[in-house]
1. Under 16 Å from a point placed 7 Å out from the Cα of Asn49 along the Cα-to-Cβ direction: which residues of segment 177-195 have their backbone N that close?
2. Dipole size in debye (nearest 20) for the chain around its Cα centre, Lys and Arg Cβ +1, Asp and Glu Cβ -1?
3. Any idea what the relative contact order of the chain is, in percent, if you count C-alpha pairs under 8 Å spaced at least 6 apart?
4. Any idea how far apart Phe58 and Phe85 come out in nm if each label point goes 7 Å out from Cα toward Cβ?
5. Compare Arg50, Arg73, Arg171 in a GNM of the chain, Cα atoms joined below 10 Å, and give the one with the largest fluctuation.
6. Which log10 I(q)/I(0) values does segment 2-126 give at q = 0.10, 0.16, 0.17, 0.22 Å⁻¹ under the Debye formula, counting every alpha carbon as one identical point scatterer?
Amino acid sequence: MSMSFRPEVEVHVTNGRKLSPSEPNSVIIRLKTKSVEIIIENQTTGRQNRRTQVSPPFLIDINLRSSSHDHIRTLLHDRLVGYPFESYLCDDLAPKISTAAIDLGFGHNGFTLTMAATVTYRTVSVMSNDEKSLRMVLLGRMKAEEFKSLKMETEPCSICLESLVSGPKPRDVTRMTCSHVFHNGCLLEWLKRKNTCPLCRTEIYD
């Protein structure tokens with residue numbers, strides 16, 4: 001289960017300079033996007049994992065003909081079509097750009113205005129036991145070279161009792177945190193019923 005929240009927008013002026021009345025105005029916004037995913041691994045203890053990804057910034061360059069919020073919102077909309085939460089972002093940026101432009105003398109002289117904006121998207125995911133099992137199996141998946149180096153080609157899977165590697169089709173194998181090795185499919189089926197290693201009974205997750 002995942003829940004997404006309205007983005008958080010942080011904006012500040014990095015540079016502002018007044019120009020002569022004959023010169024045009026220029027507004028440059030350096031927009032950076034940050035995605036934060038919070039994974040709740042155990043709802044009882046509150047144990048969680050956090051992943052953060054920052055996208056390369058891109059520049060928005062606009063020239064104002066008016067300091068009205070509606071005018072600025074329209075300019076931003078044209079440049080942010082398809083951007084996540086585009087409407088909310090335009091609503092948040094427009095008044096800040098308008099205020100900064102007026103402070104620099106909009107309507108009386110030209111100016112250059114540079115702003116930095118960081119948009120943070122937050123998602124909270126709650127892992128089910130099936131998702132935890134799949135994640136553990138994928139993380140423990142063994143490469144063929146590693147498997148051969150352990151000289152386990154003749155070993156059986158302790159769940160199905162068939163060879164770990166022989167058969168008409170290659171079968172993926174997983175080494176658990178307790179070091180025991182099983183077929184991926186066999187282990188996933190086992191973990192639907194039990195929360196322990198099939199051999200040593202080590203508990204897999206809380």
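1. The answer is 177-178.
2. In total the dipole reaches around 380 debye.
3. 27 percent
4. 1.8 nm
5. Greatest mean-square fluctuation among the candidates belongs to Arg171.
6. At q = 0.10, 0.16, 0.17, 0.22 Å⁻¹ the computed log10 ratios are -0.39, -0.78, -0.84, -1.22.
Values quoted throughout were computed directly from the atomic coordinates according to the rules given, and no laboratory measurement underlies them. Predicted, not measured: the structure shown is a model, and the values here were computed from it. When we count neighbours, we look across all protein chains shown, and the Cβ atoms used for this are built from the backbone with ideal geometry, even at glycine.
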